[in-house]
Amino acid sequence: MSGLYTTDDTSSDHVYRRLRRLLIEGYYPPGTRLIEERLAQDLGVSRTPVRQALVRAAAEGLVQIFPNRGAVARNFTTNDLLEMYDLRALLEGHAAYLAAQHITAAQLERMEAAAAALEASLQQHFDRREDEVHFLVEQNAIFHQTIAEAAGNQRLIAMLNQIVAIPLQFRSFYWYRAEERHISNFFHRSILTALKLGDGDRARAMMREHIFYGRDVLLQSRRTETAASGEE
């Protein structure tokens, strides 16, 4: 069966990873009806792993499943973004506060490596913009997930997994200019320094500022997109 992919790996995990990437990159734009038959054709698999992948994507917040309508690529309104980033700032700020008390040397080294990779990427060449953005999202996720791990609160981690929407991170990084990336890197270094010093209050404050800055970049990018499309 022909499709977007030619791999022979049709396991449910692999199909989910492929569908997830297409959703994150906007191949299926927000609001798109995700018809199982079409997805199966695009991915070169049967409908069963596609159905399983959609359920997992819904649990992660990438899609919404409606009775009698099927699955739809999730669309985020401005109010959705404000609510999500408010919650994220609260939860990740608290995670940073807890992490300052428990973080290990190995975890600090992992964060240091991710922060350094993000800084070095400003001079790194990527063949495609999408490859660069995926690299930024990946290294940023390592940095933030390590903090959540160091916090040691499983309920907090579960809540963050529901709040932190990867498509929004991808979209935000896609619009980041060099200046905005420098600012983001500054926040990472400030958070890392506070964690090394065991200063929970400082780590929480810098994390909150970091999250709100990312929110502002994303909101501005949405305004720019809307204006360019002539919807305003």
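The values are calculated or read from the model by the stated rules, or taken from the named source; none is laboratory data. If you're wondering where the values come from, they're calculated on a predicted model, not measured in any experiment. Cβ atoms come from the backbone with ideal geometry, glycine included; neighbour counts cover every protein chain shown. Surface areas here come from the heavy atoms of the whole protein model, side chains and all, with no ligands, DNA or RNA. Shrake-Rupley method; radii C 1.70, N 1.55, O 1.52, S 1.80 Å.
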#### Entry: Where a residue in the stretch 85-101 is among the basic types (Lys, Arg) and its partner, wherever it lies, is in a helix (DSSP H, G or I), with Cβ under 9 Å and at least six apart
Arg88/Leu160; Arg88/Ile163; Arg88/Ile211; Arg88/Gly214; Arg88/Arg215
### Query
Of the residues that sit in the stretch 31-42 and are touching a residue at least 12 places away in the same chain (Cβ under 8 Å) and open to solvent by 80 Å² or more (accessible area, probe 1.4 Å), which one is farthest from the chain's Cα centre (by Cα)?
Gln41
## Note on the structure
All-but-one check, Ala95 against (1) small (Gly, Ala, Ser); (2) closer than 30 Å to Leu195 by Cα; (3) in contact with a Pro (Cβ under 7 Å, 6 or more places away or on another chain), failing number (3)
## Note on the structure
Picked from the stretch 5-55 (must be assigned to a loop (DSSP other than H, G, I, E, B) and closer than 21 Å to Arg171 by Cβ), the residue modelled with the highest pLDDT is Thr32
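Do the conditions hold for Leu168, that is, is it assigned to a helix (DSSP H, G or I), open to solvent by less than 60 Å² (accessible area, probe 1.4 Å), modelled with pLDDT under 95 and touching a helix residue (DSSP H, G or I) at 6+ places or on another chain (Cβ under 7 Å)?
Yes: the conditions hold for Leu168.
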### Task
Among the candidates Phe135, Phe143, Phe173, single out the residue that is buried (at least 19 other Cβ atoms within 10 Å of the Cβ) and at pLDDT below 95.
Phe173
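Kindly indicate whether Ala120 is in a helix (DSSP H, G or I) and open to solvent by less than 20 Å² (accessible area, probe 1.4 Å).
no
Return yes when Glu138 is assigned to a helix (DSSP H, G or I), in contact (Cβ under 8 Å) with a residue 40 or more places away in the chain and out of contact with any strand residue (DSSP E or B) (no Cβ under 6 Å at 6 or more places or on another chain) and no when it is not.
Details: assigned to a helix (DSSP H, G or I): yes; in contact (Cβ under 8 Å) with a residue 40 or more places away in the chain: no; out of contact with any strand residue (DSSP E or B) (no Cβ under 6 Å at 6 or more places or on another chain): yes.
Spelling it out, it is not the case that Glu138 is assigned to a helix (DSSP H, G or I), in contact (Cβ under 8 Å) with a residue 40 or more places away in the chain and out of contact with any strand residue (DSSP E or B) (no Cβ under 6 Å at 6 or more places or on another chain).
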### Message
For the list (1) open to solvent by 30 Å² or more (accessible area, probe 1.4 Å); (2) over 30 Å from Met206 (Cα atoms), I need the number of the one condition that Val45 fails.
### Response
(1)
### Task
Test each condition in (1) of a type in the set (Lys, Arg); (2) farther than 29 Å from Phe126 by Cα; (3) buried (at least 16 other Cβ atoms within 10 Å of the Cβ) for Lys196 and report the one that comes out false.
(3)
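Among the residues of the stretch 61-100, count how many are within 25 Å of Gly214 (Cβ to Cβ) and either open to solvent by 60 Å² or more (accessible area, probe 1.4 Å) or in a helix (DSSP H, G or I) (or both).
Summing the residues that are within 25 Å of Gly214 (Cβ to Cβ) and either open to solvent by 60 Å² or more (accessible area, probe 1.4 Å) or in a helix (DSSP H, G or I) (or both) in the stretch 61-100 gives 27.
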